[in-house]
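The values are calculated or read from the model by the stated rules, or taken from the named source; none is laboratory data. On a predicted model such as this, the values are computed, not experimentally measured, just so you know. As a convention, Cβ positions derive from the backbone with ideal geometry for all residues, glycine included, and neighbour counts pool all protein chains shown. Please note that ligands, DNA and RNA were not included when accessible areas were found on the heavy atoms of the full protein model with its side chains. Shrake-Rupley method; radii C 1.70, N 1.55, O 1.52, S 1.80 Å.
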Amino acid sequence: ADAGDGIWGEAQTGMRQLSGSGYAVTGNIKTKAAIGGRVGVSAQVTEAFDIGLSAGYISGPNSDVSVSVAGGGNDGTLSDKRDLSYLRFLVEPAVNFKLGERSALHLGAGLGFAQGRTEETIACAGSACVVNGTIANNSTTWTGFTWEISPYVSWSNAIFGARYAGFPKFSGNSTNAKVEWTSLGLFAGVKF
């Protein structure tokens, strides 16, 4: 959803500066979905309440920004490719409502911390570039609070549901664009 906002905001600032210098500037961003997995343990405290711990890894979301410039007999394309990943550790309470003999509705949540990592490759191609080719490869890690809300249904050992999750924010630095990401996703799993 909003995973590419930080990198796009910084690209727009740069586009305005180039436009103010007499260049014709166009740009676009592509943000790709993330995929992840987790393992955990849970214990039934009462028939209506579970508590668990989990560890998970999310690869993505990734963003590609492309800015094209032309003017003064020069043209070029600047690209900024960013890959994100997160390692998360959560405490997960859930309230359970029996629907039938083998099925139940669960209202789950998660609270914990995550480590985020961003890797960016910036490159320029064309006569408008001061450096033609790869300009920089940068990576940054940060940690912070993560949370989620997870309504799901179980049938026998299978679980299916949705998650709305928030991830730690990265304010950006001189080498990597800021990251502010919340996500709505779907999941499936097995309890055994």
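Quick check on my filter: what residues within the stretch 17-31 are more than 23 Å from the chain's Cα centre (by Cα), surrounded by fewer than 14 Cβ atoms within 10 Å (Cβ to Cβ) and at pLDDT 85 or above?
Those that are more than 23 Å from the chain's Cα centre (by Cα), surrounded by fewer than 14 Cβ atoms within 10 Å (Cβ to Cβ) and at pLDDT 85 or above: Ala24, Thr26.
Exactly one of these conditions fails for Val179: (1) open to solvent by less than 70 Å² (accessible area, probe 1.4 Å); (2) out of contact with any helix residue (DSSP H, G or I) (no Cβ under 8 Å at 6 or more places or on another chain). Give me its number.
(2)
Looking at Arg117, Arg88, which one is closer than 30 Å to Thr77 by Cβ, surrounded by 14 or more Cβ atoms within 10 Å (Cβ to Cβ) and either hydroxyl-bearing (Ser, Thr, Tyr) or within 17 Å of the chain's Cα centre (by Cα) (or both)?
Arg117
Which residues, taken from the stretch 165-191, are part of a strand (DSSP E or B) and touching a Phe, Trp or Tyr at 6+ places or on another chain (Cβ under 9 Å)?
Selection gives Ala165, Gly166, Phe170, Val179, Thr182, Ser183, Leu184, Gly185, Leu186, Phe187, Ala188, Gly189.
If you take the residues of the stretch 139-174 that are loosely packed, with under 13 Cβ neighbours inside 10 Å and under 30 Å from Leu18 (Cβ atoms), which of them is modelled with the highest pLDDT?
Ser139
Hey, can you tell me all the residues within the stretch 123-138 that are surrounded by fewer than 13 Cβ atoms within 10 Å (Cβ to Cβ), in contact (Cβ under 8 Å) with a residue 24 or more places away in the chain and assigned to a loop (DSSP other than H, G, I, E, B)?
Scanning the stretch 123-138 gives a single hit, Ser127.
Looking at the stretch 161-174, which of its residues are of a type in the set (A, V, I, L, M, F, W, C) and closer than 15 Å to Gly36 by Cα? Write out each step before concluding.
Quick first cut of the stretch 161-174, residues of a type in the set (A, V, I, L, M, F, W, C) only: 162, 165, 167, 170.
Result: Ala162, Ala165, Phe167.
Test Ala128 against the stated conditions and say whether it is within 30 Å of Thr77 (Cβ to Cβ), in contact with a strand residue (DSSP E or B) (Cβ under 6 Å, 6 or more places away or on another chain) and modelled with pLDDT under 90. Before the answer, list the steps.
Numbers: within 30 Å of Thr77 (Cβ to Cβ): yes; in contact with a strand residue (DSSP E or B) (Cβ under 6 Å, 6 or more places away or on another chain): yes; modelled with pLDDT under 90: yes.
Taking the combined requirement at face value, the residue satisfies it.
From the list Asp5, Asp83, Asp75, which one is of a type in the set (Asp, Glu) and at pLDDT 90 or above?
On the way: Asp5 fails: at pLDDT 90 or above; Asp75 fails: at pLDDT 90 or above.
Result: Asp83 is the single residue among Asp5, Asp83, Asp75 that is of a type in the set (Asp, Glu) and at pLDDT 90 or above.
Report whether or not Ala104 is in a strand (DSSP E or B), without any contact (Cβ under 8 Å) to a residue 60 or more places away in the chain, touching a Phe, Trp or Tyr at 6+ places or on another chain (Cβ under 7 Å) and at negative phi.
The answer is yes for Ala104.
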